[in-house]
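The values are calculated or read from the model by the stated rules, or taken from the named source; none is laboratory data. Keep in mind that this is a model prediction, so the values were computed, not measured. Cβ placement follows ideal geometry from the backbone for every residue including glycine, while neighbour counts extend to all protein chains displayed.
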Amino acid sequence: MIQYALAWQPQSDNLGDDLRTYAAMQLLPRIDRVLDADNLDAPIPDLSDDDRLVTLISGNVLRENTHWLPEKHIAPVCVGVHLSQEDVWGIPFAQLNGAGKDYLTACAPIGCRDQRTVNLLEQIGIPHQLTACLTLTLKRPQVRTQSYVCCVDVPHEVVETLQTYAAGTTVQELTHQLTDASTDFNTRMDNVKQLLRIYAGAKFVVTRRLHCAMACLAMGTPVLLLYNSDYEDVTRFAPMDQMVRTQPVETFLHQLRQGGMPQSWTNPMGIEAWQEKLTAAVEQGIRTAEGMALPIIPDDTAALWRTQQMRQLAVSSAGKIHRLEQQQLTALHEKFTFILREDSAKAVLTTMLNEPEVRTALQRAAQRKLIRSHPWQQRPAAWLKMKQGKLTPEDWHAQAMEQLQLLGWPEENE
């Protein structure tokens, strides 16, 4: 029997991952199960040997190599996949080989979310195609466009400037950062539906979130993707950086202050071609998955490969621990060196402060400061009071020695 599933990330704190999951829901014939994308190797209950679970997998499917390969009943459809240079344990993707590589090859062509993923797959020789992100296929809900502007995870200065220089414009400040998020699938998808209605009804959306920008493109909402030109590189999103209007934060702020709220515009053309490509890739992937031989990798071969991955993980972890220990030792050495220098300085200062000439000079300087604190016509009387002991200057020597003792040196002699 064939069932249909999608892989999502219940532990994710990024609402963009839920947007991608919701898009995947709309591309499958139906949803019989949802699987944890970070634990695709977990046993799946209530399946017989002849059952298959056609599963749409997108996003960072190899975030943890230790949970690859997927469970043997899974017939994968890999579209909108993103791969990193290395997984969370520091294992480079370029080292993927054996059964792990064979599994991806059997799913080919892999639909890549971005050009960087294409480059990684080319390095190890896995067939692929560039499809962009599943969020580009989101459907626009039936809502009426209103006059508000959405600011999604942009610097608060952008929000304040919009409110100041765009008179009469209502600004909604939103975030994709989830806090104390529910792990219930239906609850999370209901929240996505509500969010999409807000984006669809906006006159204009300003964001620093890629999934927000792609969702707005899909629904036809004018959107601007901001970035910090000092440290952010939007070309990492290629080709999606060319589908959406982009602008440095500082440029957008300057334009707001000079010309006020920008005129509404239409998004760049060409999004329909990517939507068709994504839909076709998923449809073809489903047909392939429905007929592919399972298991893709024999159980004994899969078990051996996972054991090798655990060994590799141990080596990688040991290397990380060693580097952290070296960093800590270096920091301790630098701190100890500073303490030694500090103690040396304190020893010199104490000897100097205890010289009779220095103590006398400090006393006279404190007296002069006290006298100068009075108006000039009152200074003779103040000097007389000081001689009579009725006016006492600060004891600068005692203050200096007290500060040195607070620093832990020198120790008092008993």
- request: Return yes when E160 is closer than 23 Å to L210 by Cβ and surrounded by fewer than 21 Cβ atoms within 10 Å (Cβ to Cβ) and no when it is not.
  value: no
**Asked** Is segment 157-165 home to any residue that is farther than 24 Å from Q26 by Cα, touching a Lys or Arg at 6+ places or on another chain (Cβ under 7 Å) and assigned by TED's automatic domain parsing to the domain that holds P222?
**Response** yes
| For L134, are the conditions met, namely being within 23 Å of D38 (Cα to Cα) and in contact (Cβ under 8 Å) with a residue 24 or more places away in the chain? | yes
Of the residues in segment 38-92, those that are closer than 30 Å to I321 by Cα and in contact with a Pro (Cβ under 7 Å, 6 or more places away or on another chain) number 5
Pairing a residue in segment 385-408 that is surrounded by 11 or more Cβ atoms within 10 Å (Cβ to Cβ) with any residue that is part of a loop (DSSP other than H, G, I, E, B) and not hydroxyl-bearing (S, T, Y), where Cβ atoms lie under 8 Å and the two sit 6 or more apart in sequence or on different chains, gives K385/L391; M386/P393; L404/P410; Q405/E412
Requiring at least 1 residues that are crowded, with 23+ Cβ neighbours inside 10 Å, touching a residue at least 12 places away in the same chain (Cβ under 8 Å) and among the polar types (S, T, N, Q), the strands (runs of 3 or more DSSP E) wholly within segment 1-75 are 52-59
Expected output for segment 230-242 (first residue at negative phi, partner surrounded by 15 or more Cβ atoms within 10 Å (Cβ to Cβ) and assigned to a loop (DSSP other than H, G, I, E, B), Cβ below 7 Å, 6+ apart or cross-chain) is F237/D114; A238/D114; P239/A132; M240/D114; M240/A132; M240/C133
Checked A273, A293 against criteria (out of contact with any helix residue (DSSP H, G or I) (no Cβ under 7 Å at 6 or more places or on another chain), more than 23 Å from L27 (Cβ to Cβ) and among the aliphatic types (A, V, I, L, M)); the one match is A293
